[in-house]
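The values are calculated or read from the model by the stated rules, or taken from the named source; none is laboratory data. Treat the numbers as computed from the prediction; the structure is a model and nothing was measured. Heads up, the Cβs are rebuilt from the backbone with ideal geometry, glycines too, and the neighbour counts pull from every protein chain shown. Heavy atoms of the whole protein, side chains included, go into the accessibility calculation; ligands, DNA and RNA do not. Shrake-Rupley method; radii C 1.70, N 1.55, O 1.52, S 1.80 Å.
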Amino acid sequence: MSAVAATLADIAARDGELQAFVAVHDAAAVQHELERALAQGGALQGLPVGVKDIFDTATLPTGYGSPIFAGHRPRSDAAIVQAIRRAGGVVVGKTSTTEFAFLHPTATRNPNAAGHTPGGSSAGSAAAVAAGLVPLAVGTQTGGSVIRPASYCGVVGFKPTYGALPTPGLKPFSWSLDTVGLFTRSVADMTRWAGAIAGQDWSARGGRQPVFGIAWQWPWEPLSASARQALETARRRLEAAGATVREIPLPTWLGTVFQAHDAVQGWEAARALADEFELHREQLSPILRDYLTRARSVGDAAYAQAQADAAAGRARLEELFEGIDVLLCPSAPDEAPPGFGSTGASTWNRAWTLLHVPCATVPGATGVHGLPMGVQVIAPLRQDALCLQGAAVLERALSGPD
């Protein structure tokens, strides 16, 4: 039995309770996809992949998490689907997304924190990898929709530099924020497979280990007990492994960047989903309908100022990384919230998404109740290899003795 056939059987047997997938190929279709992928060669070599149902697929329905698009059949594949195929991967199915990648929760459950949300908006992708249904899955991040669910589900999540993975064929929410990201079980797999899909070599270049920065005072909210515990665990383990960890102050402009995210996202979302709001308002969830109502009040001047603040922040990133190579940060405010009424908050992700910098979350720490807490590694713009190198060092440290 091929790996993709075994994957289909496993999804059929186990996904009824997890509900990570919303559409899956049948045996004949996945065999066809496998033959197409293997003909391309590539590092993925027939690897089964799940793709968030916010991306267009020609051979699977694409609903964007909304009843408005139930049964929708695009005529072409999104660029990321084509890139996966060129790298030798096989898209076996579509993973669940929150409605248009916003906040209305999906039916997906968290396989590593029973009774707690898997996060969003890439809930299905994070849960599918955490449950071992697929080794690789694709998500998106506009606020914190890759890093946060990876943290909640206890897997590796990677949001590369904005634009490093292609977005054409993605249903946009905020086009200057939407970033394609990935989920795997290990940093080594992420480095190999993400680089293959992007057509870049993101492996470590050798030389010294990166210097890690850590901060205890942040401009958006205090560290929760779980976030502090995760960071303290990371620092202790890294230092025990011989890594250098430096406490640093954060520049004041980082708070301005954090605040700018709201106006950028709101102004763009009101336009990206204008037709859905104006023509199908009754089919939107109350949380999205209310958000778009408020977002339509974000003025052009506020948007221009927020974009200027974002650009100014990117121009000053060298200050943030002065004396360090990568920065450590909580991946989420806390452990996964109990229940399924919320997907959690993107508080610890928004600034990095707006700054377009690469971020990776590494599992291995826990919160005060013993649930997964990821630790986020942030690197300068276009330093994706450095980000993944730092994540690999952190992964080894967190897997070692305390």
Using a 1.4 Å probe over the heavy atoms of the protein chains, calculate the carbon and sulfur portion of the accessible area of the chain as a whole percent.
51 percent
Once both labels are modelled 7 Å past Cα along the beta-carbon direction, what's the T244-D10 spacing in nm?
4.1 nm
Please work out the FRET efficiency for the pair V211 and T366, using the Cβ-Cβ distance as r and a Förster radius of 35 Å; give the result to the nearest 0.05.
0.85
On average, how much accessible surface per residue is there in the chain, in Å², for a 1.4 Å probe, leaving out ligands, DNA and RNA?
37 Å²
Could I have the simple spin-label model distance between A188 and E35, label points 7 Å from Cα toward Cβ, reported in nm to one decimal?
3.4 nm
If you count the DSSP beta bridges with both ends in the chain, what percent of them are antiparallel, to the nearest 5?
65 percent
How do the peptides 319-327, 271-279, 95-103 rank, highest first, by the average count of neighbouring beta carbon atoms within 10 Å per residue?
95-103, 319-327, 271-279
What order, most packed first, do the peptides 351-361, 166-176 have when packing is the mean number of other Cβ atoms within 10 Å of each residue?
351-361, 166-176
Take peptides 73-84, 184-195, 124-135 and line them up by average Cβ neighbours within 10 Å, highest first, as a rough protection proxy.
124-135, 184-195, 73-84
